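Report on one structure; see the data block that follows.
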Amino acid sequence: MALLVLGYAVLALALVLVVTGVSAVHLERKRLLAVADAAAGDAADALDEGFYFGEGAGTPLERGVPLTDAAVRSAAAEHLSSSPAARRLDGVRLGPGTGSPDGVTAQVQLSAPVRLPLVGVGVHDVVGGDRLVIVVTARARAQLGPA
């Protein structure tokens with residue numbers, strides 16, 4: 001009987017550890033996605049002034065605000081450095097997918113490590129440490145139209 005109670009206690013403890021870990025990863029992913037959404041929205045209206053005042057001067061903007069990879073990366077990096085929400089996340093980095101895939105869509109890819117709560121030494125071999133890296137991607141487009 002004592003062995004059965006011990007087995008149930010171990011099972012309950014394992015369930016608590018799994019639910020706590022999954023919840024921590026999910027909440028951190030939601031926070032990171034909110035920061036990525038805000039950065040993409042900020043970058044969507046980051047007009048590439050070199051294009052607008054140079055080679056694209058006088059070009060009609062029917063498709064939207066013309067974006068370049070550099071303009072999107074710059075606006076996203078500036079947003080990350082000034083955002084209080086981004087500062088609350090440890091180790092947030094712009095990913096290689098940050099840019100403009102079609103010239104009118106701002107795509108921001110962020111990655112950040114998440115610390116798993118209540119994780120001991122045994123998990124080090126399974127996940128390569130007590131941190132997992134979360135990667136999220138957000139897209140935004142500045143549509144032009146009648147006011």
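Of all residue pairs spaced 6 or more apart or on separate chains, those with beta-carbon atoms under 9 Å, a first member in segment 126-144 that is at positive phi and a second member that is in a helix (DSSP H, G or I) and at pLDDT below 95 are Gly129/Val123.
Restricting attention to segment 11-33, the residues that are within 17 Å of the chain's Cα centre (by Cα), modelled with pLDDT of 90 or more and aliphatic (A, V, I, L, M) add up to 3.
Matching residues to (1) in contact with a Lys or Arg (Cβ under 7 Å, 6 or more places away or on another chain); (2) modelled with pLDDT under 95; (3) closer than 22 Å to Thr20 by Cα; (4) crowded, with 18+ Cβ neighbours inside 10 Å:
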residue: Ser81; (1), (2), (3), (4): no, yes, no, no
residue: Ala86; (1), (2), (3), (4): no, yes, no, yes
residue: Asp90; (1), (2), (3), (4): no, yes, yes, no
residue: Arg93; (1), (2), (3), (4): no, yes, no, no
residue: Gly97; (1), (2), (3), (4): no, yes, no, no
residue: Ser100; (1), (2), (3), (4): no, yes, no, yes
residue: Val108; (1), (2), (3), (4): no, no, no, yes
residue: Val114; (1), (2), (3), (4): yes, yes, yes, yes
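Can you work out which of the residues in segment 34-48 that are assigned to a helix (DSSP H, G or I) and not aliphatic (A, V, I, L, M) is modelled with the highest pLDDT? Among those residues, the one meeting the criterion is Asp37. Of note, Val119 satisfies the criterion of being buried (at least 16 other Cβ atoms within 10 Å of the Cβ), within 21 Å of Val133 (Cα to Cα), at pLDDT below 90 and not acidic (Asp, Glu).
The values are calculated or read from the model by the stated rules, or taken from the named source; none is laboratory data. Predicted model only: the values in this text are computed from it and were never measured. Backbone-built Cβ (ideal geometry, glycine too); neighbour counts: all protein chains shown.
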